[in-house]
1. Using a 4.7 Å cut-off between beta carbons, which cysteines in the chain end up with no partner cysteine at all?
2. Relative contact order, percent, of the chain when contacts are C-alpha pairs under 8 Å separated by at least 6 residues?
3. Rounded to the nearest 0.05, what FRET efficiency do residue 109 and residue 17 have when you use their Cβ-Cβ distance and R0 = 35 Å?
4. With label points built 7 Å along Cα→Cβ from the Cα atoms of residue 46 and residue 61, find their separation and express it in nm.
5. Please compute the net charge surrounding residue 20, taking Lys and Arg as +1 and Asp and Glu as -1 over other residues with Cβ under 14 Å from its Cβ.
6. Which value in nm describes the separation of the simple spin-label points at residue 100 and residue 2, placed 7 Å from the Cα toward the beta carbon?
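Laboratory data are not the source of any read-out in this text; all were calculated from the coordinates shown. All values derive from a computational prediction rather than experimental measurement. Because the Cβ atoms are built from the backbone with ideal geometry, glycine has one as well, and the counts that use them run over all protein chains shown.
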Amino acid sequence: KTCIPVTCPAVSLTNGYTTGACTGNYNDVCTYGGCYEGFYLSNNASITRTCVQSGVYSGTASVCIPVTCPAVTLANGAVFGQCSGHYNDTCSYVSCNPGFYLSYNGSITRTCNQSG
């Protein structure tokens, strides 16, 4: 008989990064450091996880979720550009149908940024 060390699957974060000991050795403490630009860290998961006796990391895995914004539309008019609501999309209000005019309250161009 031999004593075999407890190990856990390594922790990684697609579209983000981890810090600490994430290779899967017993008692390793791994922290989800954050997500790259255009993504945000899921808020229903554990930020710090520890490799425990049962061979898994404690807590729940985090994921990096793509930033999205509401799609840009203009009732009774037209928009131009990348208007679907993906990160870094830039869209402009360009014209209105006959019988309508474009109000200039606010910006004529919208960009989906990190805050959504």
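1. If one checks each Cβ against the other cysteines of the chain, 3, 96 turn up with nothing under 4.7 Å.
2. Worked out over the chain, it gives 19 percent.
3. With R0 = 35 Å, the Cβ-Cβ based efficiency is 0.65.
4. My value for the distance between the label points is 1.4 nm.
5. 0
6. 7.4
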